[in-house]
Each structure stands twice: as structure tokens, then as C-alpha cells.
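Below is one structure, written out as C-alpha cells; the observations come after it.
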Amino acid sequence: MDPAQLGPVEYAVFAFPGNHFRGEMAAELRKLTSQGIVRIIDLTFVERDADGAVQSVELQDLTPEESAAFEDVDGEVTGLISQDDLEVIAEEIPPGSSAAIVVWENSWATALAQAVGRADGVLVAHERVPATVVQQSAAAAEAA
């Protein structure tokens, strides 16, 4: 992976209370990667037992049954998430829960970012607006 060719990179932590992770997200990740919308850069799982003990599991360390859901997800799982990152993330996961940490490149934006750079442009602002905020704003506008 050539860092100079990377587009914007984001991460998200998805918690599954009660360790009810069943792999449904794998199908969506597969769709996004196969359409070239995102490229998975790292994918790690964290489990926190009822006593609060934490165990992190890399994709390649999952059982064959667990990893089967992710076998067709295209990406370069690189170990980008550090042990320090995992410890901070684990603090946010309730006991008896698991989480998936996904780091992805917004592949769709790579060509745009390169074009802006060729024109000597620079990014001066970028903000992600949470879906709940957008939904509330849209509902308020519709009610007005």
C-alpha cells in the first residue's frame, strides 16, 4: 500500500452488547469493497467478558467459522490499530460485549483528492455529521 496514493481514512468502533456479533456487517463490507467505495485497511475485534477482562482478536486469528463471513471482504488488513489504541477502545466497551474496529479508506475520494492536489488545492475543512443529527434536522425541516 503506497501511502501517497491513499484517500481519506476513517475508523469506526461497532459494539455488540451481549457479544451478539453474528457477522451481518461482513456482507455490507463485502458490497462496499467490491464496488470500490471503500478499501478495508484494518479490521480487529475486541471481546470484553462479564468480569471486564479484554481480549483483542485480529481477523486472521478468528476461528474458521468466525472468519468465513469475512473471507470475501477485499482489503489489506495491516495491523494499523496499535495495542494502545485497543486499550483505549476497550475502555468504551461494556463488560459482556464485543466490538469490531474497522479502518477504511474512502476509495471513492482518492481520485478527487489527487485532482485537488494537482490543482495546488488543500483541504481546509472536513467534518462528519452523525446520521442522528441529519435525521433530526431533516425531521425538523419537514415539520416546519
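The values are calculated or read from the model by the stated rules, or taken from the named source; none is laboratory data. Note that the structure is predicted; figures quoted are calculated from it, not measured. Cβ placement follows ideal geometry from the backbone for every residue including glycine, while neighbour counts extend to all protein chains displayed.
Which of the residues spanning the stretch 21-72 are within 20 Å of Ser97 (Cα to Cα), acidic (Asp, Glu) and not in a loop (DSSP other than H, G, I, E, B)? If the condition is that a residue be within 20 Å of Ser97 (Cα to Cα), acidic (Asp, Glu) and not in a loop (DSSP other than H, G, I, E, B), then Glu24, Glu47, Glu58, Asp61, Glu65, Glu66 are the ones that fit.
Scanning the stretch 73-85 turns up at least one residue that is part of a loop (DSSP other than H, G, I, E, B), aliphatic (A, V, I, L, M) and within 20 Å of Glu24 (Cα to Cα). When Glu92 is tested against (1) under 30 Å from Gly52 (Cβ atoms); (2) among the charged types (D, E, K, R); (3) without any contact (Cβ under 8 Å) to a residue 60 or more places away in the chain, only condition (3) is not met.
Just one of the listed residues (Val54, Val102, Val38) is buried (at least 19 other Cβ atoms within 10 Å of the Cβ), touching a residue at least 24 places away in the same chain (Cβ under 8 Å) and touching a helix residue (DSSP H, G or I) at 6+ places or on another chain (Cβ under 6 Å), and it is Val38.
Does the stretch 119-139 include one or more residues that are among the basic types (Lys, Arg) and modelled with pLDDT under 85? For the stretch 119-139, residues among the basic types (Lys, Arg) and modelled with pLDDT under 85: present. Does Ser67 meet the test of being at pLDDT below 90, closer than 20 Å to Pro95 by Cα and surrounded by 12 or more Cβ atoms within 10 Å (Cβ to Cβ)? When the stated conditions are applied, Ser67 does not pass them.
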